[in-house]
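**Student:** Below: one structure in structure tokens.
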Amino acid sequence: MAEASYPECDTLIVGAGLCGLVAGGALQRAGQRVLLLDKGRGVGGRMATRRLADGAVADHGAQFFTTRDPRFAALAEDWRAQGLIREWTRGFSEPFDGHPRWCGVVSMNAIAKQLARGLDCRTQSEVRSVEPQSGAWRVTLAAGEVLRARAVLLSAPLPQSRALLVPPWSDRVPAIEYERCIAVMARLARPSRVPEPGALQLESGELSFVADNQRKGISAVPCLTLHGSAEFSLRHWDLERRAAGHALLRAASAWIEGAILDFEVHGWRYAKPESVHPERCVVLSSDPRLVLGGDAFAGPRVEGAVLSGLAAAEALA
């Protein structure tokens, strides 16, 4: 087994979602050597976009975000000035509440890719364990590599972070469960029947969200994103994915015009925390420093993940 395949870094971040990317950028600007590891094929976590055939594009994770905290609002304004985001709508059904919903100009994932620019970010790198060793952290990867970091930020969903640790640190990870979500991306022969502004947020039934990616402005051709409700997704989780996709498409038939040319299915095991920790991050160990962050801290969704990343960077600086 090769020790320290990468040079020792100041902070190693597990998870290249928004929390990890925001924290990594802040720490690197402060002069730290930062390395991000993510087991996925790309950065962004649930800021995810899929490209289907013939110009079809679908955001299939986070669909939009709102800004309420001044720090996040300032960051979002910077994204808007860069041309990364635009205001999509101020509500999905009447009466509209007047609060802006922001989305990516190109895609939601493009925001994450911009945040990752200039960072040492290694994808398809699954971490197996994080253990203290001689005043630092020994991080072992599934491929057998062993890295060393003076500090670690675990920004993955909390059950995944807990699995990387041994007692007493694993016992200190908050016991927060997550809702699941089955997502379908469907390329259509004709434009959908989804009304303006191109999405529906549903409070009951088998669907929680329906988005027309063409009307949203990111797909050249008709393409729907369907999010199953938490109850639907849990009930269909162990079903073969194509079968679950067919069930979700049947539930959305009222908004589909014409033929479904093809579709893909993705399962989000950790779509949304069922409860939220009151702090924006948690310091599990002060020496060597080990911090937990993510959207389960002080507010779920995009804003919560970003604010947790900023708080984690402050704790690690």
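The numbers here are math on the coordinates, done by the rules we state, and not lab data. The structure presented is a predicted model; accordingly, all values stated were derived computationally and were not measured. We place every Cβ from the backbone using ideal geometry, glycine too, and count neighbours over all the protein chains shown.
**Student:** Using θ = phi - 60° and the Karplus curve 6.51 cos²θ - 1.76 cosθ + 1.60, what whole-Hz ³J(HN,Hα) does each residue of region 149-155 get, with Gly and Pro shown as x?
**Tutor:** With coefficients 6.51, -1.76 and 1.60, one gets 9, 6, 8, 9, 10, 9, 10 Hz.
**Student:** Given Cα positions, please report Rg to Rh for region 196-317, the hydrodynamic radius being the Kirkwood one.
**Tutor:** Details: Rg = 18.6 Å, Rh = 17.0 Å.
For region 196-317, the value is 1.10.
**Student:** When the Cα atoms of the chain are enclosed in a convex hull and the volume is divided per residue, what value in Å³ results?
**Tutor:** Details: hull volume 43.9 nm³, N = 317.
Taking only Cα atoms, the chain has a hull volume of 138 Å³ per residue.
**Student:** Going by amide H atoms built from the backbone, whose H comes under 5 Å of the H on G61, apart from near neighbours?
**Tutor:** A48
**Student:** Quick one: go through region 256-273 and flag any residue whose amide nitrogen is under 11 Å from the point 7 Å out along the Cα-to-Cβ line of L202.
**Tutor:** 256
**Student:** Still on this structure, please answer the following. Which three lengths, in whole Å and largest first, does region 140-213 cover when its Cα atoms are put on their principal axes?
**Tutor:** Its Cα atoms span 53, 28, 18 Å along the three principal axes.
**Student:** Which log10 I(q)/I(0) values does region 77-162 give at q = 0.15, 0.25 Å⁻¹ under the Debye formula, counting every alpha carbon as one identical point scatterer?
**Tutor:** -0.78, -1.21
**Student:** Further question: Roughly how tilted is helix 70-81, in degrees to the nearest 10 and between 0 and 90, from the longest Cα axis of the chain?
**Tutor:** With both axes taken from Cα atoms, the answer is about 60 degrees.
**Student:** A follow-up question, please. Pull up all non-local amide H partners of R33: gap of 5 or more, or a different chain, and H-to-H distance under 5 Å with H placed in the peptide plane.
**Tutor:** Under 5 Å from the amide H of R33: D10, T11.
**Student:** Now, a different point. Place the peptides 37-49, 109-121, 137-149 in order of packing, highest mean first, counting for every residue the other Cβ atoms within 10 Å and averaging per peptide.
**Tutor:** 37-49, 109-121, 137-149
**Student:** While we're on this one: What list of ³J(HN,Hα) couplings, whole Hz, do you get for region 277-284 from phi and the Karplus terms 6.51, -1.76, 1.60, once you set θ to phi - 60° and write x for glycine and proline?
**Tutor:** 6, x, 8, 7, 7, 10, 8, 7
**Student:** Placing +1 on the Cβ of each Lys and Arg and -1 on the Cβ of each Asp and Glu in region 248-292, which of P278, I260, L248 has its Cα farthest towards the positive end of the resulting dipole?
**Tutor:** P278
**Student:** Would you calculate, for the chain, the mean residue ellipticity at 222 nm contributed by helices, counting each DSSP H stretch of 4 or more residues as -39,500 (n - 2.57) and dividing by all residues, to the nearest 500?
**Tutor:** My calculation for the chain gives -7000 deg cm²/dmol from helical runs alone.
**Student:** Relative to the first principal axis of the alpha-carbon coordinates of the chain, what is the inclination of helix 301-316, with its axis defined by its Cα atoms, in degrees from 0 to 90 and to the nearest 10?
**Tutor:** 10 degrees
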